[in-house]
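Taking it in order: structure first as structure tokens, then the write-up.
What follows is calculated from the coordinates using simple rules that are stated; it is not laboratory data. Since the model is a prediction, treat every value here as computed from it, not as a measurement. Here the Cβ is made from the backbone with ideal geometry for all residues, glycine too, and neighbour counts use every protein chain on show.
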Amino acid sequence: MEQPARKNKTLATLLALLLGMLGAHRFYLNGIIDRWGWLHVTSLPASAALLAVRPDWPLLFFAAPLVLSMLVASIETFVIGLMPDEKWDERYNPGTDTPTDTRWPVPLMMVINLFYGATLLLSVIARAFDLWLTGGAYG
């Protein structure tokens with residue numbers, strides 16, 4: 001019986017960090033049938049459809065599906081990167097002889113993701129309050 005391919009934690013974290021808004025990490029970990037991965041994928045056409053229907057709306061409104069997907073991907077990056085190696089092997093590499101041993105790239109990606117996620121979240125909050133309180137007077 002053929003054993004399933006070994007999943008690399010560093011690659012999964014990198015995919016979540018760089019292409020998470022498109023669900024690349026979900027497809028890598030769970031295959032093409034992953035429903036949450038497809039939800040990530042649909043965020044881009046949904047944002048484009050909103051732009052086509054209402055081009056006069058502020059950027060935050062028509063980009064909301066993509067921005068939400070980016071925020072969820074940032075959280076998923078933390079979930080993948082901070083998962084202990086033993087639990088990673090138990091979930092994604094059951095029955096393998098070689099244990100996962102993540103090194104310095106994963107903590108470095110966690111620092112980058114913290115900066116990226118916090119900046120994105122604060123930008124969304126600031127723009128939402130700008131639109132709500134001033135009607136978009138600051139941009």
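Take the chain, connect every pair of alpha-carbon atoms lying under 10 Å apart with a spring to form a Gaussian network, then pick out the residue of Arg35, Arg103, Arg26 with the largest mean-square fluctuation.
Evaluated over the chain, the most mobile residue of the options is Arg103.
Could you give the radius of gyration (one decimal) and Dmax (whole number) of the Cα atoms in the chain, in Å?
Radius of gyration, then largest Cα-Cα span, for the chain: 18.0, 64 Å.
GluC sites (Glu not before Pro), restricted to segment 1-87: which are DSSP loop and have at most 15 other Cβ atoms within 10 Å?
Glu2
Report the net charge of residues surrounding Ala63, where surrounding means a beta-carbon distance below 13 angstrom and charges are Lys +1, Arg +1, Asp -1, Glu -1. Intermediate results must be reported in sequence, preceding the final value.
Values: positive: Arg54, Arg127; negative: none.
So the environment of Ala63 carries a net charge of +2.
Please report the net charge: other residues with Cβ closer than 14 Å to the Cβ of Leu18, K and R +1, D and E -1.
That works out to 0.
Give me the distance between the Cα centres of segment 9-46 and segment 98-134, rounded to whole Å.
One Cα centre to the other: 17 Å.
Going 7 Å from the Cα of Arg6 along its beta-carbon direction, which residues of segment 92-121 have the amide nitrogen within less than 16 Å of the resulting point?
92-103
Evaluate 2.2 N^0.38 Å with N set to the residue count of segment 1-67, then give the Cα radius of gyration divided by it. Write out the running numbers ahead of the final one.
Numbers: Rg = 15.4 Å, N = 67, 2.2 N^0.38 = 10.9 Å.
Output field value: 1.42.
Taking the number of other C-beta atoms within 10 Å as the exposure measure, put Leu15, Leu60 in order starting with the fewest.
Numbers: Leu15 23, Leu60 15.
The fewest-first ordering by Cβ neighbours comes to Leu60, Leu15.
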